[in-house]
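Reading through the structure tokens given below for one structure.
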Amino acid sequence: MRHIFSALNRYRFAVIIALLLTLTELAVELVQPLIMARIIDQGVVQQDMETVLFWGGVMLILSFAAFGAGIVNSFYAAHASQNTAYDLRNGLFAKVQSFSFANFSQFPTSSLMTRITNDVNQIQNTIFMSLRIMLRAPLLVAGSVIMAIVVNAQLALILVLTIPLLVVFLVYLMRKAGALFKQVQSRVDRVNNVVQENLTAIRMIKAFTRRSYETERFDGAADELRVKMMRTFRLIETTMPVILLVMNFSIIVVLWFGTTGVNTGGATIGEVVAIINYITRMSGALTVFSMIIMIFSRARASAERIGEVFEADVDLKEPGDPDDDALLFNGEIVFDNVHFRYPGTRQSVLNRLSFTVQSREQTAVLGATGAGKTSLFQLIPRLYDTDGGTVRIDGKDVSRMPLKSLRRQIGYVPQETMLFSGTIEENLRWGNEEADENEMIQALKDAQIYDTIASLKHGLQSTVGQRGVNLSGGQKQRLAIARALLRRPSILLLDDSTSALDAKTEQSLLQAIRKYSCTTIMITQKMSTTVRADNILLLDEGELVGKGSHSQLLRESDLYREIYASQHAVSEEEGAHE
Ligand code: M5T
Ligand code: MG
């Protein structure tokens, strides 16, 4: 709630105006029955036409004033609610940008999406409604009770008894509905999650003919949402009959005692009419209450969910040492007794990892699938913090460096290539915004992808993705390498990025990378890569089981010899077929 109010606070001017206008409308509504009583008692009963016309005119003018106030109120209410929602959305987005990988595993993507869109919308609607009618409803109830007492205290007594009971009942409902709405929102998350996973993996789903399974999964999630929604609304629906019952009963009581009062002189006809008028207005306001309960409880649930994102602890703290900012890495990387497991899991992924990668060397990391190669990479740009031990670059602990200057100097080509929808040029610029066309062409050439791009009809301006050219997996990989090279990184990390390349192209690529004189670490499954590397790290189940050059490891490591033999056998077989 705190975040909502502080966002709303920036539009307090609009809020105050809107509330003042609401009060105008409210005042008119409360005064009208009084005027009506006067028209009846002094005009109609005494057959005084002038009084009727005069007060009738006053009522007309007041109604117009209230109407005008209502329109201007809408304007300011919309202003405050739309802007607050806009700020909240931006704030959430900025916060999510600062998230560490660990934070992302705390909130599934779909849930973040629901929070930024649907939950913010709930808040927006609530603010608008609050400024428009919500405040008016409770004030109208309270004001009507007071005015009724002013008009005729005896007749109004019944209201003093019933209204507090109703309010207690409504507050109780509000609490219950709040809890239910929280569950509803998490079901919305679930539906979004299924949709998102489905759309991301639609090709796989078709390839594996999992359509009916997916449809069932969606049905299941949608049905859960429906059931929860219905339960919540059923609860809220009960308010209406209860309110009407109590209020109608009050009217009967007022009529009963009113008739006796008029006969004995304890009340006038005008007073009875006025009080009944107040009661009908109250009934209206109280039914609005049931809507308020719904909107408010839902908003409370949404506010909590928004608050959770704002309050998420971004565990990768930025060290305040900005003087290092300009420092250029030489590129020596040291892992010193590093232990690592993913946040929230128990299984350790890396153990006692110690090694040094010399500056400007090309190092290959070899290991079976699941050995922890990608995990090792992620510690270098500090996507995660270690669980023990340190990762140092040029002798300095990465957790002591400003994240920006650390990451700016690292070119990271992840295992799964991610290109953005847009032109090839835009995708390249992502690596380095200032790059000019020559630099881009050079990077593309070095990444061994220039010929392919040049042969496209629009060259660098071709769009990739949904409505553009579709690049093959290997082509995308090389585009990602070009993007990383364009950064002129001090450290280049290639996660299985040459897997789709034939031996000759791979050799040209590694040769071209040497020109950049950056420390290069490449994860690979292929011996053809390790053979050319200056140094090899052999990883097995999170532990370093060998390091050295190709010939060294052939001599010293059984595992390495084994891998070598297996791949050699394959390539000989291939050769035999040719
Ligand atoms: C090593 C686990 C994974 C495996 C171990 C990326 C990632 C991995 N893991 C997580 O729990 N969460 C994660 O986000 O860590 O995984 P790896 O480092 O990805 O292994 P690899 O790169 O050597 O394998 P591969 O298949 O890419 O060659 O137990 O469950
Ligand atoms: Mg991997």
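Some points to look at:
- Candidates per GluC sites (Glu not before Pro) in the stretch 154-219, loop by DSSP, up to 14 other Cβ within 10 Å: none
- Each of Met240, Leu501, Leu559 was scored by the projection of its Cα onto the charge dipole of the chain, and the greatest displacement toward the positive side belongs to Met240; charges sit on the C-beta of Lys, Arg, Asp and Glu.
- On Cα atoms only, tilt of 211-237 relative to the major axis of the chain in degrees: 30
- Checking every one of the trypsin sites (Lys or Arg not before Pro) in the stretch 9-84 against DSSP loop status and a limit of 14 other Cβ atoms within 10 Å picks out Arg10.
- Diffusion coefficient, µm² s⁻¹, Stokes-Einstein with Kirkwood Rh over alpha-carbon pairs of the stretch 114-185 at 10 °C and 1.306 mPa s: 108
- Over all orientations, the stretch 2-310 has a Cα convex hull whose mean projected area works out to 19.6 square nanometres.
- Quarter of Cα convex hull surface for the chain, i.e. mean projection, nm²: 36.8
- The mean sequence distance of close C-alpha pairs (under 8 Å, at least 6 residues apart), as a share of the length of the chain, puts its relative contact order at 14 percent.
- Ranking of Thr215, Thr529, Thr363, Thr287 by count of other Cβ atoms within 10 Å, fewest first: Thr215, Thr287, Thr363, Thr529
- The residues Tyr384, Tyr278, Tyr342, when put in order of fewest to most other Cβ atoms within 10 Å, stand as Tyr342, Tyr384, Tyr278.
- Listed by chain and number, the aspartates and glutamates placed with their C-alpha closer than 12 angstrom to that of Lys515 are Glu361, Asp446; residues fewer than eight positions away on the same chain are left out.
- Annotation: the stretch 472-554 has a Kirkwood hydrodynamic radius of 13.6 angstrom, from the mean reciprocal C-alpha pair distance.
- Length-normalised contact order of the stretch 2-310 in % [C-alpha pairs under 8 Å, at least 6 apart]: 31
- Cleavage-rule hits (GluC sites (Glu not before Pro)) in the stretch 329-429: DSSP loop, at most 16 neighbouring Cβ within 10 angstrom: Glu416
Every number in this text was worked out from the coordinates using simple rules, so none of it is lab data. Predicted model, so just to flag it, every value in this text is computed and none were measured. So basically every Cβ, Gly included, is an ideal-geometry build from the backbone, and we count neighbours across all protein chains shown.
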